[in-house]
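What follows is one structure encoded as structure tokens, with my remarks underneath.
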Amino acid sequence: MGLEMTYRDALQKAIVDEMERDENVLIMGEDIGRYQGTFKVTRGMVEKFGDRQNRYNLRILDTPITEAGFAGIATGAAMAGLRPIVEFMTMSFSILAMDQIINHTAKVHYMTNGEVKCPIVFRGPGGAAKQLSAQHSHSMEGWYAHCPGLKVVAPSTVADVYGILRTAVRDDNPVIVYENPGLYAMKGELPEDPDFTVPIGKAQILREGTDISLVGYSRMTHINLAAAELLEKDGISAEVVDVRSLLPLDTETIYASVRKTHRAVMVYEDWRSGGFGAEIAARISEDCFDHLDAPVVRVGGLNVPMPYARVLELQCIPDEHDVVAAVRKIS
């Protein structure tokens, strides 16, 4: 039996464990210190790693509201040999830091002919929370997965977010860790192994099935699991593929599932048009064409700015009933 904790606690434990393991690991971001983070992921870290006599302690850095500034500082620190973890209050705000992340963080290893490494983690909540409205509800993972030089992960379980974050901190490449805020309170088991990690670039099958593959990542993996339960009542056996890593993408696991079931539904919270789920759907269509008995169907978010009103917000985000409806179209 493992240790039960929330997704939020698993994140916090992963950061603490890596900071204790390696003195070069530090964390910075808005309100992460005394306020303990907007979603309380960094609670207790000032007391554990801070120095009350030194307001400029360099392992817990409360930054100004200047995303481009602290993303650039962290990139320079990583180039100099430190391993920064950068928390964005919401990944929507990382848009302001995109010049640093895309033009510098992601490219410095290539542009120095491999002489300079940039081991850095950018993490934070992405996607819709409850009524955070249009400017705080972007799903940014697909934007970053479009960019060579980055790694992008979107873990869906307690064990995976702990294990993948530890792997990300140790990676010599910049890694984007996408955390859906709807997962923070979810509980799960964490293995007791103190050296537990999860590899980046490997998908997993969370539920075996024979009739259709439901492919997703982050919170949508749980939507797919719920849809599979509903479909089972109608005699449809759905296999649930948890992508976990967008860049690099484990197409081998995805394709093996589709070649077994001969049908696929790709589910993602991002806007349906141009979201990363569309990329996965296109690859399935190209590379598994001879094994498909029906077109690959996408279930994505509505192509509108996220409304504030809760009833409208829920209309914009895919749920298990949307997935079931998509399955019925091709079954």
Inset, instruction - Select from region 291-302 the residues that are assigned to a strand (DSSP E or B) and among the charged types (D, E, K, R) and list them in ascending order. - result: Arg298
Inset, instruction - Could you run through region 293-317 and say how many residues are touching a helix residue (DSSP H, G or I) at 6+ places or on another chain (Cβ under 7 Å) and either surrounded by fewer than 21 Cβ atoms within 10 Å (Cβ to Cβ) or at pLDDT 95 or above (or both)? - result: 12
Inset, instruction - Provide a single number: the residues in region 25-41 that are of a type outside the set (Ser, Thr, Tyr), surrounded by fewer than 17 Cβ atoms within 10 Å (Cβ to Cβ) and more than 20 Å from the chain's Cα centre (by Cα). - result: 2
Inset, instruction - Assess whether Val265 counts as being of a type in the set (Val, Ile, Thr), within 18 Å of His321 (Cα to Cα) and free of Cβ contacts under 8 Å to residues at least 40 places away in the same chain. - result: no
Inset, instruction - For region 11-31, enumerate the residues that are closer than 18 Å to Phe122 by Cβ, part of a helix (DSSP H, G or I) and touching a residue at least 60 places away in the same chain (Cβ under 8 Å). - result: Leu11, Ala14, Ile15, Glu18
Inset, instruction - Quickly run through region 282-302 and pick out the residues that are out of contact with any His (no Cβ under 7 Å at 6 or more places or on another chain) and of a type in the set (A, V, I, L, M, F, W, C). - result: Ala282, Ile284, Cys288, Phe289, Ala294, Val296, Val297, Val299, Leu302
Inset, instruction - Return yes or no: is Asn113 modelled with pLDDT of 95 or more and loosely packed, with under 14 Cβ neighbours inside 10 Å? - result: yes
Inset, instruction - Output the number of the condition that Gly72 fails; it satisfies all remaining conditions of (1) of a type outside the set (Phe, Trp, Tyr); (2) surrounded by fewer than 23 Cβ atoms within 10 Å (Cβ to Cβ); (3) on the phi > 0 side of the Ramachandran plot. - result: (3)
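The values are calculated or read from the model by the stated rules, or taken from the named source; none is laboratory data. Predicted model only: the values in this text are computed from it and were never measured. As a convention, Cβ positions derive from the backbone with ideal geometry for all residues, glycine included, and neighbour counts pool all protein chains shown.
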